[in-house]
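Enquirer: Below is the structure I would like to discuss, written out as structure tokens.
Any read-out appearing in this document is the output of simple, stated calculations on the displayed coordinates, not a laboratory observation. Treat the numbers as computed from the prediction; the structure is a model and nothing was measured. Neighbour counts are summed over all protein chains in view; Cβ atoms, including those assigned to glycine, are modelled from backbone coordinates with ideal geometry.
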Amino acid sequence: MRRAGAAWAACAAAVALTLTGCASSTHTPTPRQTGLQYTSLTGRYAGFGLSTPRPRPSFTLTDDRGEPFAFGSATAGHPTLLFFGYTRCPDECPTTMADIRIALTKVPPELQRRTYVVFVSTDVEHDTAPVIAAWLAKFSGGVAATYVGLHGTRQQVDAAQAAAHVFLAEDGGQTHSTQVLLYGPDDYARVSFVVNGNEADQIAHDLPVVASAG
């Protein structure tokens, strides 16, 4: 029993590290807000199926044009990819955004036009609206999806992460969740993705599945 308990603890720690990124390898993030549970990679979804569907969260932040953006109502009824990160991230964030773009090029244009890609900055000190807009432009070319970059105060961004049931960012936003949540037209997320080398193919597979389910 002790061996089994130790193995379970090691597995849980590995999962926690997989779901956080952009931090020093010597830092072990503390999960202050979670609630996402995962099923097998096999089955209906290529990504991580959520054992409990998560409703589309309601939060309002400032978009990359300087206007208020109410996530819950603005994206309601649309396939939506939601990701928390920051523009100066050296690894997971640009990789994830590039993979999202690759995935979108693999789905029909009609589905691209229905899809929102929402990036929420966890770096409240640096990521202003112009900074986020310029960064998103690097990843949105050639696809018809609607890209929205959001920022706010630390309290506002923490509230948004809590509403989405992801780890709250730490270290000034540099240690953050690496999950990409995919919400369907029914306004629930049933699958998520992390950087794993197959993320683009997983999103390209699951986006039409989720979009048609609504």
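Enquirer: Note the full-extension length gain between Asn198 and Glu110 as 0.36 nm times their separation in residues minus their Cα-Cα distance, in nm to one decimal.
Expert: Gain in length upon complete extension: 29.3 nm.
Enquirer: If you line up the Cα atoms of region 95-141 on their principal axes, what length do they span on each, largest first, in Å?
Expert: Cα spread of region 95-141 along its principal axes, largest to smallest: 38, 20, 16 Å.
Enquirer: Just to check I understand the Karplus step: with θ = phi - 60° and J = 6.51 cos²θ - 1.76 cosθ + 1.60, what whole-Hz values come out for region 166-175, glycine and proline as x?
Expert: Each residue's phi maps through the Karplus curve to give 10, 4, 6, 5, 10, 6, x, x, 7, 9 Hz.
Enquirer: A further question follows. Name the long-range amide H neighbours of Val191: under 5 Å, sequence gap of 5 or more, or other chain; modelled H, no Pro or chain starts.
Expert: Leu50, Leu182
Enquirer: Ordered by residue, what ³J(HN,Hα) values in Hz, to whole numbers, does region 186-199 give under the Karplus form 6.51 cos²θ - 1.76 cosθ + 1.60, where θ = phi - 60° and Gly and Pro are x?
Expert: 7, 6, 10, 9, 10, 8, 9, 9, 9, 5, 8, x, 10, 4
Enquirer: Here's another thing I want to ask about it. Determine the gain in length on full extension of the stretch Arg44-Arg88; use 0.36 nm per residue of separation and subtract their C-alpha separation, reporting nm with one decimal.
Expert: Stretched out fully, the Arg44 to Arg88 stretch lengthens by 12.4 nm.
Enquirer: Find, among the GluC sites (Glu not before Pro) in region 93-179, those assigned to loop by DSSP (not H, G, I, E, B) with at most 15 other beta-carbon atoms within 10 angstrom. Can you show the working numbers first?
Expert: On the way: sites: Glu110, Glu125, Glu170; in loops: Glu125.
Answer in residue order: Glu125.
Enquirer: Also, I was wondering about something else. With a 10 Å Cβ neighbour count serving as the proxy for reagent exposure, in which order, fewest first, do Ser73, Ser140, Ser192 appear?
Expert: So the ranking, lowest neighbour count to highest, is Ser73, Ser140, Ser192.
Enquirer: Here is a follow-up. Within region 161-175, find all residues whose amide N lies under 15 Å from a label point positioned 7 Å from the Cα of Ser58 along Cα-to-beta-carbon.
Expert: Label zone hits: 163-164.
Enquirer: Further question on the same structure: When Thr80, Thr105, Thr87, Thr128 are ordered from fewest to most other Cβ atoms inside 10 Å of their Cβ, what list results?
Expert: Final ranking by Cβ density, sparse to dense: Thr105, Thr128, Thr87, Thr80.
Enquirer: Residue by residue, what Karplus-based ³J(HN,Hα) values in Hz, rounded to whole numbers, does region 107-123 have, using 6.51, -1.76 and 1.60 with θ = phi - 60° and x for Gly and Pro?
Expert: 3J(HN,Hα) across region 107-123, in whole Hz: 10, x, x, 4, 6, 4, 5, 7, 9, 9, 10, 10, 10, 10, 6, 9, 9.
Enquirer: Treat the count of other C-beta atoms within 10 Å as a stand-in for reagent exposure and order Asp187, Asp206 from fewest to most. Intermediate values should be presented prior to the final figure.
Expert: On the way: Asp187 18, Asp206 24.
In order of increasing Cβ crowding within 10 Å: Asp187, Asp206.
Enquirer: Please list, ordered by chain and number, the residues whose modelled amide H lies under 5 Å from the amide H of Val117; skip anything fewer than 5 residues away on the same chain.
Expert: Amide H to amide H, under 5 Å and 5 or more residues apart or across chains, Val117 pairs with Leu81, Thr146, Tyr147, Val148.
Enquirer: Could you work out how far apart the two model spin labels at Thr153 and Ser51 are, taking each label as a point 7 Å from the Cα in the direction of the beta carbon, and quote it in nm?
Expert: 3.7
Enquirer: Between Ile102 and Lys138, how many nm apart are label points set 7 Å from Cα along the C-beta direction?
Expert: Once both label points are built, they end up 1.6 nm from each other.
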